[in-house]
Amino acid sequence: MEQKDLLKEIISHCKEYGFVFPSSEIYDGLAATYDYGQLGAELKNNIKTYWWKSMTQLNSNIVGLDSAIFMHPTIWKASGHVDAFNDPLIDNKDSKKRYRADVLLEEYLEKQTQKIQKEVEKGEKRFGDSFDKEQFIATNPNVLRIKEKQGQVQERMKTALNDSNLEDLRQLIIDLEIVCPISGSKNWTEVRQFNLMFSTSLGSVAGESATIYLRPETAQGIFVNFLNVQKSGRMKIPFGIAQIGKAFRNEIVARQFIFRMREFEQMEMQFFVKPGEELTWYEHWKEVRRKWHLNLGLGEKNYRFHDHIKLAHYANAACDIEFNFPMGFKELEGIHSRTDFDLKQHELHSGKKLHYFDPSTNESFVPYVVETSVGLDRLFLSVLSASYTEETLEDGSERTVLKIPAALAPYKIAILPLIKKDGLPEKAQEIMRMLQLEYTIQYDEKDSIGKRYRRQDAIGTPFAITIDHETLENNSVTIRNRDTMIQERIAIESLPAFLNTHCSWPSILGALV
Ligand code: ATP
């Protein structure tokens, strides 16, 4: 399936089965906001649990936090968000469509990367088994020319972004002859900075209200609670604080379904370390997070690291883990070495000391921070896009199946009495009561067994247990595997051990210990 079509398929599948609905739909929707339906809420909670447990349960030096969305407005002054949390926007005068200037340029660079890839594929075809990819990339004149141009564009873009030189950013777009994908024209406006924070006012009495912001990231809640947690939890450096919560950004271009929303959820972990050790920890967390993603089993080739061209004002190293979404490789998670910027800024603006006292050396210092920050909604989309599969079966019929990692599936088990009589439903209910303390289960006795299997495939239920007449005779059931469609007969008393191996939390977390 074409990648573009895949996104459309996923959007309509999500709506049809209750994963994701457009928000406020009966009022024609609200741009870039979505509601998670009955299955979406389960899947989202499971992704959160996978992250939360891997952070706080598997690391004795990482603890959780749940800070308020509303915070003192000075926090956002201190963090730099009031003055610098901007995106450079540009409009096309013909289509009246608005774009992020940096994204237009990133897309241009990505196209060049694809051109290089095409040259490599051509070379592979031409030279066959004797093809040496590295040598080809290092010597092929076409590849070298594209790479040189790419390097120049990257350098100019970096300088323009770092110096906030909006004129040169625009000039670069014009020099590269980048056209609006809608109108096809190069008729661009000036580039302007646009602050992404939503504001509202606190206090109901006129004259007493103060402007406050909806947090654009969860991280600041962690920074301002750093000493509270460290002291009350007797934490010793290095240690981490993890948080899952909503964040809000007035995104200029919010398209592509739940990839870019104005209200979304982040899962962030700030790891506090000794100054000077931050780059070692940065490499450590890059590797830990890589393994965490790969452990989902969505395919190694779907991930790549991308070092930031422009470092944020607070960072001394930063990269993204990108995922191969239906729209191409895009950021899924950011890993940043944030130095002591945030804690120092909060010391300055609050007048309170945010030092850590190290009893082993009698030293007191402001820790450095390495953060991992992943978007929950983007993870949700990555899971769905890698698991959505359309298959033609041996008998020529088609099935749509969501091959969601078993431990994350909204329902782990479907319980299906073969027919609605002869005591089979009662036996099925008995099995359901036995398993439901541990697992989410969908009970279904309507329609033919084949139709019921298809329904469970479409919502990603990894196992279907069928209760038939033999069950009443010898207490065994069939268990059908969603992905292989193989059915095996198994004793009811063996079900807990079977499910524990295949879809419990230990089954997915085990590889991370
Ligand atoms: P982008 O470059 O795509 O705008 P960002 O670099 O601004 O993202 P960060 O500030 O590093 O993003 O935020 C951390 C994570 O939060 C991102 O990796 C992403 O998964 C998620 N995220 C950021 N903005 C959005 C959004 N508008 N909708 C959904 N998820 C988001």
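The values are calculated or read from the model by the stated rules, or taken from the named source; none is laboratory data. The structure displayed is predicted, hence computed values, not measured ones. For neighbour counting, all protein chains shown are included, and Cβ atoms are generated from backbone atoms with ideal geometry for every residue, glycine included. What goes into the accessible areas is simple: the full protein's heavy atoms, side chains included, and nothing from ligands, DNA or RNA. Shrake-Rupley method; radii C 1.70, N 1.55, O 1.52, S 1.80 Å.
Put simply, the convex hull of the Cα atoms in the chain casts, on average, a shadow of 31.9 nm². 3J(HN,Hα) along segment 137-150, derived from phi through the Karplus expression 6.51 cos²θ - 1.76 cosθ + 1.60 where θ = phi - 60°, amounts to 5, 6, 10, 5, x, 4, 4, 4, 5, 4, 5, 5, 4, 4 Hz, with x in place of Gly and Pro. Please state the relative contact order of segment 360-513 as a whole percent: Cα pairs under 8 Å, 6+ residues apart? The normalised contact order for segment 360-513 reaches 21 percent.
Which of rounded, prolate or oblate describes segment 362-411 when judged by the alpha-carbon gyration tensor and an a/c cut-off of 1.5? Prolate, since a/c reaches 1.5 and a/b exceeds b/c. Normalised by the number of residues in the chain, the mean separation of alpha-carbon contacts (under 8 Å, six or more apart) gives a relative contact order of 14 percent. The calculated Kirkwood hydrodynamic radius for segment 340-492 is 19.3 Å, given to one decimal from all distinct C-alpha pairs. Beta bridges per DSSP, both residues in the chain: antiparallel share near 85 percent. Near Ser504: Cβ cut-off under 10 Å, other residues only, Lys/Arg at +1 and Asp/Glu at -1. The net charge is 0.
Rounded, prolate or oblate: pick one for segment 1-122, where a ≥ b ≥ c are the square roots of the eigenvalues of its C-alpha gyration tensor, a/c under 1.5 means rounded, and failing that, prolate if a/b is larger than b/c, else oblate. Note, shape of segment 1-122 comes out rounded. First compute the accessible area of the chain with a 1.4 Å probe, then give the percent of it belonging to carbon and sulfur atoms. Carbon and sulfur together cover 49 percent of it.
Scanning the chain for GluC sites (Glu not before Pro) that sit in a DSSP loop and have at most 10 other Cβ atoms within 10 Å, the longest stretch containing none of them is 209-393. Bridging of Lys451 to lysines at a Cα separation below 28 Å is possible for Lys8, Lys15, Lys44, Lys403, Lys412, Lys420, Lys421, Lys427, once same-chain residues fewer than 8 apart are set aside. Within the shell defined by Cβ-Cβ distances under 14 Å, the residues around Ala406 carry a net charge of 0, with Lys and Arg each +1 and Asp and Glu each -1. Checking the Cα-Cα distances for Lys48/Lys236; Lys133/Lys301; Lys118/Lys147 against a 22 Å cut-off, the pairs over it are Lys48/Lys236. What fraction, in whole percent, of alpha-carbon pairs in segment 410-503 exceed 16 Å separation? Roughly 48 percent, rounded to a whole number.
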